[in-house]
Each structure stands twice: as structure tokens, then as C-alpha cells.
Amino acid sequence: MIGAHKVLAAYGCLGPRLVTGEFDPGIHRAVWPSTGNYCRGGVAISRILGCRSVAVLPEGMSAERFRWLERWVADPSDIVRTPGTESNVK
């Protein structure tokens, strides 16, 4: 899946909200803003847990990151590209 420790941080954000009912996968989307691994971890955890998610990251990030996200999101519009790069996030 993804070999980054930030996957656990994403799970720690979404898991408790699912258990308590604060997050309803039928109506909510998990939003994951990041320059890379946290965003990818959030998208992966969301998909595994049956939730739709939105990845928000700078448009200047690597093509590899965007290709990876495109395979995991439910719809291409679930990837939001913002101005900037990893070193110049707007």
C-alpha cells in the first residue's frame, strides 16, 4: 500500500470518528491536506475503511504522487491541486 508512518496518523484521525458516529461515510468525505505522505495515507485509510476522501496538495508535487492518488480516489475530482510546490505551499 504505502510504506509511510503517516498512515497511522491518518487512521488516528478517521477511526475514532467512524466509531463514535461523528463521521458518516454515506454523507461525509475525509479531507486530507498535505504535500504527500499524510495525504496519501489518509486517502488509503479512507478507501480501506469504505469512506470517500479528498486529497488536497500543491500542484507542483511529483507526477508519481498524483498517479498514486489517481489509483486510490473514487473520482479524479477528489484530487484538489492548489498553487505551489512542496517547498512553496500556498
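Some observations on this one:
- Residues located in segment 46-62, provided they are surrounded by fewer than 14 Cβ atoms within 10 Å (Cβ to Cβ) and either among the charged types (D, E, K, R) or farther than 18 Å from F23 by Cα (or both): E59, S62
- Looking across segment 63-82, just one residue is over 24 Å from I27 (Cβ atoms), open to solvent by 50 Å² or more (accessible area, probe 1.4 Å) and either in contact with a Gly (Cβ under 8 Å, 6 or more places away or on another chain) or part of a strand (DSSP E or B) (or both), and that is R81.
- Residues (part of a helix (DSSP H, G or I) and open to solvent by less than 40 Å² (accessible area, probe 1.4 Å)) located in segment 36-45: C39, R40, G41, G42, V43, A44, I45
- Cβ-Cβ under 9 Å pairs, at least 6 apart or on other chains, segment 64-77 side of a type outside the set (D, E, K, R), far side assigned to a helix (DSSP H, G or I) and open to solvent by 20 Å² or more (accessible area, probe 1.4 Å): W68/R40; L69/R40; W72/R40; W72/R47; V73/R47; A74/R47; P76/E70
- Selection from segment 18-35 of residues that are part of a strand (DSSP E or B) and either aromatic (F, W, Y) or touching a Phe, Trp or Tyr at 6+ places or on another chain (Cβ under 9 Å) (or both): A30, W32
The values are calculated or read from the model by the stated rules, or taken from the named source; none is laboratory data. Not measured: the values here are computed from a predicted model. With ideal geometry, Cβ positions are generated from the backbone for all residues, glycine too; neighbour counts draw on all protein chains shown. In case anyone asks, the SASA skips ligands and DNA or RNA and just uses the protein heavy atoms, side chains included. Shrake-Rupley method; radii C 1.70, N 1.55, O 1.52, S 1.80 Å.
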